[in-house]
Amino acid sequence: MLLDTNALLLPFSSGLDLAAEIARHRPDARIAVPDAVRRELVRLAARGNRWAEAGARLADRYPVLDSPGRGDDAIVALATRERATVVTGDRGLRDRLRALGLRVLFPRGPRRLDEVAARRPAARAATVMSRPPLRRPSRASRRSDARRR
């Protein structure tokens, strides 16, 4: 289970009990923080983000994993390599991870996480020639057809 930056800020911004919510979904989860996330928290704290320092202290409770690159790209690369579930509130990251077949926990309301399953790769459909869909005639055209009969 990998934690994104905004996941580490949730306990302070919304009161979410992050550890309890993760345990509710995955009681045996091993939680880790990508080093790119740790670096981002330090940058945010230096810029004055009021929850970033607390988020960095929370991140210190978990093992830090080497991740190539920065930001979402680093999380995607690490999650793909480890086949890990990611906790994030970032919709764009969530969609990228799901498209790669990975699971995501995301905030649903201020104090709850929900799980989004990975998208199944779409089966390639054979090209089929078909008729255009039938349209239901409007009331006016049905009346005029009835008058013609």
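The values are calculated or read from the model by the stated rules, or taken from the named source; none is laboratory data. Predicted model, so just to flag it, every value in this text is computed and none were measured. Don't worry about glycine lacking a Cβ; one is built from the backbone with ideal geometry, like all the others, and counts go over all protein chains shown.
Scanning the stretch 73-96 for residues that are part of a loop (DSSP other than H, G, I, E, B) and within 13 Å of VAL33 (Cα to Cα) yields a count of 3. Residue-level analysis places GLY69 outside the set of residues that are within 24 Å of ARG108 (Cα to Cα), touching a residue at least 12 places away in the same chain (Cβ under 8 Å) and surrounded by fewer than 21 Cβ atoms within 10 Å (Cβ to Cβ). Check the stretch 37-46 and report whether any residue there is under 20 Å from GLU115 (Cα atoms), surrounded by fewer than 16 Cβ atoms within 10 Å (Cβ to Cβ) and out of contact with any strand residue (DSSP E or B) (no Cβ under 8 Å at 6 or more places or on another chain). No. Filtering PRO133, PRO110 for residues that are at pLDDT 60 or above, outside any helix (DSSP H, G or I) and surrounded by fewer than 12 Cβ atoms within 10 Å (Cβ to Cβ) leaves a single hit, PRO110. Can you say whether LEU10 is in contact (Cβ under 8 Å) with a residue 12 or more places away in the chain, over 22 Å from GLU115 (Cβ atoms) and surrounded by 17 or more Cβ atoms within 10 Å (Cβ to Cβ), as far as the supplied structure shows? Here the answer is no, as LEU10 does not meet what is asked. Among the residues here, ALA36 does not qualify as over 19 Å from ASP72 (Cβ atoms), assigned to a helix (DSSP H, G or I) and of a type in the set (Gly, Ala, Ser). The condition of being at pLDDT 90 or above, of a type outside the set (A, V, I, L, M, F, W, C) and buried (at least 17 other Cβ atoms within 10 Å of the Cβ) does not hold for PRO63.
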